[in-house]
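> Encoded as structure tokens, here's the structure I'll be asking about.
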Amino acid sequence: MSNLIEKQISREEIFKGVALHVVRDRIILPDGSESVREISLHNGAAAVIPILDDGRVIMERQFRYAHGRVMLEIPAGKLDTPDEPPLEGAKRELREETGAAADRYTYLGSIVPSPALINEVIHVYMAEGISLGESHLDSGEFLDVEYYTLDELYGMVMSGEITDAKTQIAILKAREILKNR
């Protein structure tokens with residue numbers, strides 16, 4: 001496996017904006033030749049699939065500008081800093097976006113959504129023992145909160161209606177865990 005490692009020679013900042021930080025690295029390939037990698041740096045993110053006591057799941061519907069459409073997703077968001085504990089980020093996003101808090105969190109694993117272009121890692125949790133309150137959306141954030149059963153969501157994943165990767169994975173993992181309890 002060590003024969004696959006690429007080594008950084010230098011880094012040049014290309015763009016640093018509100019959400020994107022793009023760099024160009026000069027690298028040495030495993031065969032000793034040089035090449036270039038352009039990547040986007042990211043703090044990481046946390047996502048949570050909140051399961052109510054009656055089995056319904058709290059979901060969000062929001063417009064995603066990059067895709068030009070409204071998408072159904074689980075609550076999620078970028079970590080405030082690269083060293084913010086992902087569970088704290090998941091709790092914050094759940095509370096801010098849906099007004100919910102949970103007694104129990106189960107770590108479902110991490111997702112690397114686009115390994116060739118961005119170093120983002122999304123940490124996914126299942127939340128149970130939910131209590132509902134008021135949401136506190138960030139400025140400029142707009143979404144609708146909706147409720148579905150896991151079976152409904154599973155059908156939406158399998159039919160292609162839910163296309164967001166973190167949401168698909170969370171639904172499939174949570175459904176399997178709860179089915180095997």
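> Can you compute the helix-only [θ] at 222 nm over the chain? Use -39500 (n - 2.57) per DSSP H run of at least 4 residues, normalise by all residues, nearest 500 deg cm²/dmol. Provide the component values of the computation, followed by the final result.
Values: 3 runs with 38 residues, N = 181.
Helix contribution divided over all residues of the chain: -6500 deg cm²/dmol.
> Compute the length gained on full extension between ASP25 and ASN43: take 0.36 nm times their separation in residues and subtract their Cα-Cα distance, giving the result in nm to one decimal. Walk me through the numbers before you get to the answer.
Working: separation 18, 0.36 × 18 = 6.48 nm, distance 1.83 nm.
Once the chain is fully extended between ASP25 and ASN43, it gains 4.6 nm.
> Over all pairs of distinct alpha carbons, what does the Kirkwood formula give as the hydrodynamic radius of the chain, in Å?
Working: mean 1/r = 0.0559 Å⁻¹.
About 17.9 Å, per the Kirkwood formula over Cα pairs.
> Related question: Could you compute the net charge surrounding GLU146? Neighbours are other residues with a C-beta less than 11 Å from the C-beta of GLU146; K and R count +1, D and E count -1.
On the way: positive: ARG56, ARG61; negative: GLU60, GLU73, ASP144, GLU152.
So the surrounding residues net to -2.
> Between ALA101 and ASP138, how many nm apart are label points set 7 Å from Cα along the C-beta direction?
Between ALA101 and ASP138, the label points sit 2.2 nm apart.
> Using the Cα centre of region 45-179 as origin and beta-carbon charges of +1 (Lys, Arg) and -1 (Asp, Glu), tell me which of PHE142, GLY109, ALA66 is placed farthest towards the positive end of the dipole.
The listed residue farthest towards the positive side: GLY109.
> Express in nm, to one decimal, how much length is gained between SER131 and LEU172 on full extension, taking 0.36 nm for each residue of separation and deducting their alpha carbon distance.
Values: separation 41, 0.36 × 41 = 14.76 nm, distance 2.34 nm.
Gain on stretching SER131 to LEU172: 12.4 nm.
> Continuing with the same structure: Between region 102-181 and region 67-89, what's the alpha-carbon centroid distance in Å?
10
Bear in mind these aren't lab numbers, they're just calculated from the coordinates by the rules spelled out. As the structure is a computational prediction, the values presented were derived from the model and not from experiment. Counting neighbours? That spans all protein chains shown, and the Cβs are built from the backbone with ideal geometry, glycine included.
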